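Readers should treat all values here as calculations from the given coordinates under stated rules, not as data from a laboratory. All values reported here derive from a predicted model rather than from experimental measurement. Every residue, glycine among them, receives a Cβ derived from its backbone with ideal geometry; neighbour counts consider all protein chains shown.
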Amino acid sequence: MPLTHLFDTTVFSQPIKDKPLLSVMDRWSALGDSSVCTSAICVAEILQGLEARRSEKYWRRYRELLENRYAALPFDQTVASVFGHTAAALRKQGEPRPFVDMLIASTAKRHGLIVATLNARHFSGIPGVQVEDWSASSGD
């Protein structure tokens with residue numbers, strides 16, 4: 001199956017949480033592992049959180065459930081170009097977005113993927129980026 005969805009950190013981190021959101025886990029399961037990926041940016045955010053937390057329990061969950069299991073699309077020159085163009089246009093319109101979210105959105109835009117997130121407002125209205133709010137069970 002082709003990749004269709006790029007997880008942001010709020011979605012990608014759910015399996016290692018003490019109480020993962022059922023709406024996320026159901027939607028993830030319905031799509032199947034072969035349709036989803038994340039970005040190197042999200043992996044970096046998760047690793048930063050794990051380092052800060054210093055909890056063997058969460059490290060174990062990460063290693064068992066997420067580490068090297070899903071493609072982590074890189075932030076490369078092409079994504080950087082998408083980022084520069086898109087972020088500048090939004091800033092000019094008076095609608096800047098959080099830096100990390102723009103990196104994730106640019107990765108999704110470059111690869112033609114839908115961003116799966118629990119923070120849809122961070123991604124909505126970015127030209128060329130489709131967004132699904134996974135805090136609702138429908139995935140819409």
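Of note:
- Of all segments of the chain bounded by trypsin sites (Lys or Arg not before Pro) found in a DSSP loop with no more than 13 other C-beta atoms within 10 Å, the longest spans 70-140.
- Partner lysines for Lys57 [C-alpha distance under 29 Å; skip if fewer than 8 residues away on the same chain]: Lys17, Lys19
- Between 0 and 90°, nearest 10: helix 22-31 axis offset from the chain longest Cα axis: 80 degrees
- Applied to the range 90-99, the Karplus parametrisation 6.51 cos²θ - 1.76 cosθ + 1.60 on θ = phi - 60° returns per-residue 3J(HN,Hα) values of 5, 5, 4, 7, x, 10, x, 10, x, 3 Hz, with x for Gly and Pro.
- The overall shape of the chain is prolate: from the C-alpha gyration tensor, with semi-axes ordered a ≥ b ≥ c, the ratio a/c is 1.5 or greater and a/b exceeds b/c.
- Estimated FRET transfer efficiency when R0 is 41 angstrom, pair Asp18-Asp76 (beta carbons, to 0.05): 0.75
- Across the range 1-68, the relative contact order, built from alpha-carbon pairs under 8 Å that are at least six residues apart, equals 44 percent.
- Only helices enter the 222 nm calculation for the chain: every DSSP H run of n ≥ 4 contributes -39,500 (n - 2.57), and dividing by all residues gives -15000 deg cm²/dmol, rounded to 500.
- The range 49-140: chymotrypsin sites (Phe, Trp or Tyr not before Pro) falling in loop per DSSP and having at most 10 other Cβ within 10 Å: none
- Positive minus negative residues near Lys57 (Lys, Arg vs Asp, Glu; Cβ under 12 Å): +3
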